[in-house]
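The values are calculated or read from the model by the stated rules, or taken from the named source; none is laboratory data. Being a predicted model, the structure only gives us computed values, none of them experimental. For neighbour counting, all protein chains shown are included, and Cβ atoms are generated from backbone atoms with ideal geometry for every residue, glycine included.
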Amino acid sequence: MSVPALSFRATLSCRVGISSDIDSQVRVVSGDITGLNSFILFIHGFNDTQAFADCAYRQFLGLFSAQLNQSARPNVVCLFWPGDQPNKIKSTLDYVGALHHALTTAQLLADFLTAHSAALPPSAAGLDLDVVCHSMGNRILFETFKRLRAASASVRVRTCCLMAAAVTTSSIEDASGGSLSLWAEAASIAHSAVMSSTSDDVLRLAFPPGETLGHDGFFPEAVGRFGHPPGVIWSAHATFNNFGHSDYWVTPDSALVAAAAMNFGVSRTTPTSELPVNPSSTINVIASNSIASYAIGLSGSSPCKSL
């Protein structure tokens, strides 16, 4: 994978074992991140094949690269996790199974990042992450962060860009510290940019019953539909109400928001007044040339459509 202005460092793969002969772990399958004390981590979502996730990563990274200032050379690491199954029908319907894999992946990713940060020299003062997540990948990030905090690991999430977040609004609002509470994790992220769409049929139709079956609430609302909860929990909120579920990967608007959130600079188009400069700021960048949304959540013109 070659992306101008970015240093692509590694691909991570998570194997979630159902039987005892499967070695469940996160491992580096290409590249090398030894000694790296900061990088951007990409996490795809539910029901994405590895081929689709790879295509989506490539598309987004190309768009993201175009938004960077000339001095920015961030390191990029892409995670592939088993959010799908070989049978496409079962894969689409088995939300609860994917959620179980997501939670297992979160623990394995936390173990991997803890070990990586522990191996860094003392001068590094731990590992700094900027994370771009889509769909259930957002749940993986928050659950990973919960486990990292519990282990007092030297891993900090500087920026989180939440695209079509398949995370319950109630879990972000819940400050109880209970098993379903993700408030502390959201509040601890230095800068968070949530991107939402009311046209996302996956979050509107599939998410509520799936989360209900997974015992995460009763037909709960997804963060990625409205960007809730309102207030100061998110540093910035970008509303893309014409986006389908996976359109974020293939449009420049979301890449622009991510680059601005990470403070890598925006080379064009976005007025300073629209950048996230304080905890209550809101980005409203619905571009007139945004691609159309289709029922399954990705434009027919996207090169990832058939994967």
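Brief remarks follow.
- Tabulated pairs, the stretch 73-88, first of a type outside the set (Ser, Thr, Tyr), second outside any loop (DSSP other than H, G, I, E, B) and at pLDDT below 70, C-beta under 8 angstrom, 6+ apart or interchain: ARG73/SER7; PRO74/SER7; ASN75/SER7; VAL76/SER7; ASP84/SER91; GLN85/SER91
- Residue match in the stretch 278-292 (condition: modelled with pLDDT of 75 or more and within 21 Å of ASP130 (Cβ to Cβ)): no
- Evaluation of SER171 against (1) at pLDDT below 95; (2) within 28 Å of ARG204 (Cα to Cα); (3) assigned to a helix (DSSP H, G or I) (one fails), failing number: (1)
- The stretch 195-239, subset aromatic (Phe, Trp, Tyr) and either at pLDDT below 90 or in contact with a strand residue (DSSP E or B) (Cβ under 6 Å, 6 or more places away or on another chain) (or both), residue nearest to THR159 (Cα to Cα): TRP234
- The number of residues in the stretch 173-232 that are of a type in the set (A, V, I, L, M) and over 24 Å from THR251 (Cβ atoms) comes to 9.
- Of the helices (runs of 4 or more DSSP H) contained entirely in the stretch 183-256, those carrying at least 1 residues that are in contact with a Gly (Cβ under 6 Å, 6 or more places away or on another chain) fall at 207-213.
- Some residue of the stretch 201-210 being surrounded by fewer than 19 Cβ atoms within 10 Å (Cβ to Cβ), in contact (Cβ under 8 Å) with a residue 40 or more places away in the chain and within 19 Å of the chain's Cα centre (by Cα): yes
- Under the condition of being modelled with pLDDT under 90, part of a loop (DSSP other than H, G, I, E, B) and among the aliphatic types (A, V, I, L, M), the residues counted in the stretch 19-43 number 1.
- Matching residues in the stretch 161-179 - criterion: being on the phi < 0 side of the Ramachandran plot and in contact (Cβ under 8 Å) with a residue 40 or more places away in the chain: CYS161, LEU162, MET163, ALA165, ALA166, VAL167, THR168, THR169, SER170, SER171, ILE172, GLU173
- Taken together, GLU143, GLU173 contain a single residue that is acidic (Asp, Glu), surrounded by fewer than 24 Cβ atoms within 10 Å (Cβ to Cβ) and in contact with a Leu (Cβ under 8 Å, 6 or more places away or on another chain), which is GLU143.
- Meets criteria (closer than 21 Å to PHE46 by Cβ and surrounded by fewer than 22 Cβ atoms within 10 Å (Cβ to Cβ)) for THR239: no
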